[in-house]
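Participant: Questions regarding the structure given below will be posed in turn.
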């Protein structure tokens, strides 16, 4: 069973939202609605997330991603469509049941941290447990574990104003982890942080995820971030423009909107040896140096340059999958890799001019 | 032509109209209330008077010398020795004039009026913050309460309760309550939306969110509102004195009547010293709220 499943989900803000959804279904464009003071934030989302997956929703501001994440825990009610958490339809729950679901199944990390300024780090982390109704010694004990997990041991008694942005967000993360829910919603969680700290936090999140295997929905407007941490990425602009792995988006963008986004992504970090390799054909590969299939391209430069022969890409069982040459690497870094035939046709057209 | 129209309008339309009987309606309403709801007003009067006299008696129970020490000690506890020195010296001056007893009566009146105003203002403020319709209805009502000249509603209050302390206290409550309501609403509305969302996202009930998140975060603003409530209440004591409210107000009113500069000055100084004491102690309390303390750490 998927951890989260949404089915033809719509959210329109403004008067006459229901009618607007019907119109959207009939194919009326989003721009026409905005002329009538209706904002279509989420249009026809259909997807499911398996437990343990990091699902990234990526979009510019105004693309409805914050609305989407708030619908997943019922803070905002959808205009149409259903959301199921572990098979339970959110729309069928009473307010009380919904609160219980939030306490037990879903926690959230916020862009601007949303900490209580008058409470210490430890008390902030224990906040979710306090709502759950745990006794004070027990919740402080569990909060202490979560604080250690995010690497803030020693800062338990500080107040939020005494922490840097990165540390504050660690507290936000610890608060969500302490609640010990299967699902973690992260709303632009790292967007307010400096680039270096942001990268550090991304690494830490991946590290924690390897240990804890939560189901994570991560909202971001930064495609590099999305590709770094996401198992799957949904590029949104009201509707889902494309959903797939980082490689899918880079190598097979669904439309110009997605292609434009992916244009300034650091491709060498996202693409792996497997994605750029060429078939080995009948060549004798036994003499070639080998490389694992999931190594990113930017770690292939040195081995490729240091040997005359191509690199042999192998999977976990050491079976050969293909070969990587300097040519295949350079080809992969070009923003719009069409087929070879197309490229030749392009260059011939270009020559006379 | 214009001249002609105006004259015609004046002579045949406007002048024959009877006077607007708004005031008469109010008058008959008050008279009706006085007879039909007499037990209610008597009950309110007994309640307010017993509260006021109990507090005034308590303040006058100890000799003035000891009370000065208590006031200074309070100032020291919430703010520090500087304020304690100022308050001690000020109260000493008051105790030296013949107006110590009336100063304590006025303090009792201010405390009773602001205490009741606070008990009313904070729930109303919460209602206004949580409910847009309530807020819309309340805004003109609060404007009305604050801008209507105090003398105007002093009259009906006197008619309902007779002359004495009660109309003074009620008029004071009406006059001083609006900033308490307004700043409670403002404080609650200013609470970081994301923090409230966080509480909701972790499954907090609306009541718990209000008590454990919104109110603590709004407390510094609410305290600022209460400070204004107290200052407004103090400014009403003179007007309350005109209807037999007792205390310094009565002294000032009688000094005004007899052009007794010495008496007026003494009573006036006592009001100022009370104001300094109450204002600074409230400020000190506001600075001691957890949120305000956390904010000071940031500096």
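Bear in mind these aren't lab numbers, they're just calculated from the coordinates by the rules spelled out. Just so you know, these numbers come straight off a predicted model, no measurement behind them. Using ideal geometry, Cβ is built from the backbone for each residue, glycine included, and neighbour counts are taken over all protein chains shown.
Participant: Per DSSP helix of 4 or more residues, -39500 (n - 2.57); summed, then divided by the residues of the protein assembly as shown. What does that give at 222 nm, rounded to the nearest 500?
Facilitator: Rounded to the nearest 500, it is -19000 deg cm²/dmol.
Participant: How many nm separate the modelled label positions at residue A:298 and residue A:212, each set 7 Å beyond the Cα in the direction of the Cβ?
Facilitator: 2.6
Participant: OK, next. Sketch the reach of a paramagnetic label on residue A:158 as a point 7 Å from Cα along Cα-to-Cβ, and name the residues of segment A:195-228 whose backbone nitrogen lies under 20 Å away.
Facilitator: Hits in segment A:195-228 for residue A:158 at 20 Å: A:195-205.
Participant: Which part of segment A:63-106 falls in the paramagnetic zone of residue A:36, meaning amide N under 19 Å from the point 7 Å along Cα-to-beta-carbon?
Facilitator: Of the residues in segment A:63-106, A:79-81 have backbone N under 19 Å from the label point off residue A:36.
Participant: Follow-up. When ranked by the protection proxy of mean other Cβ atoms within 10 Å per residue, highest first, what sequence do the peptides A:110-118, B:257-265, B:236-244 form?
Facilitator: On the way: A:110-118: 21.8, B:257-265: 11.8, B:236-244: 23.3.
Per-residue mean Cβ counts within 10 Å order the peptides as B:236-244, A:110-118, B:257-265.
Participant: Please give the helix A:95-105 orientation as an angle from the longest Cα principal axis of chain A, in degrees from 0 to 90, rounded to the nearest 10.
Facilitator: 50
Participant: Just grab the label-to-label distance for residue B:29 and residue A:290, each label 7 Å out from Cα along the Cβ direction, in nm (one decimal).
Facilitator: Computed distance between label sites residue B:29 and residue A:290 equals 9.4 nm.
Participant: When the Cα centres of segment B:250-295 and segment B:15-58 are compared, how far apart do they sit, in Å?
Facilitator: 29
Participant: If one computes the Cα centroid of segment A:202-258 and of segment B:213-227, what distance in Å separates the two points?
Facilitator: Using only Cα atoms, the two centres lie 42 Å from each other.
Participant: Using Cα pairs under 8 angstrom and six or more residues apart, how large is the relative contact order of segment B:130-220, in percent?
Facilitator: 25
Participant: Whole Å is fine, so just give me how far the alpha carbon centre of segment B:142-166 lies from that of segment A:84-145.
Facilitator: For segment B:142-166 versus segment A:84-145, the Cα centre distance is 50 Å.
Participant: Let me ask something additional. Can you figure out the FRET efficiency of residue A:88 with residue B:193, using R₀ = 30 Å and their beta-carbon distance, to the nearest 0.05? Mind showing how you got there, number by number?
Facilitator: Details: r = 27 Å, r/R0 = 0.91.
Step by step, r from the Cβ atoms, then E = 0.65.
Participant: Ranked from highest to lowest mean number of other Cβ atoms within 10 Å per residue, what is the order of the peptides A:137-146, B:10-19?
Facilitator: A:137-146, B:10-19
Participant: Of the beta bridges DSSP finds with both residues in chain A, what % are antiparallel, to the nearest 5?
Facilitator: 55
Participant: In addition: Between residue A:26 and residue A:331, what is the label-to-label distance in nm when each label sits 7 Å out along the Cα-to-Cβ direction?
Facilitator: 5.0
Participant: Right, next: Please average, across the residues of A:107-116, the number of beta carbons from any other chain that are within 10 Å of each residue's own beta carbon, and give a whole number.
Facilitator: Numbers: counts 4, 5, 2, 6, 1, 4, 4, 9, 4, 11.
Average per residue, whole number: 5.
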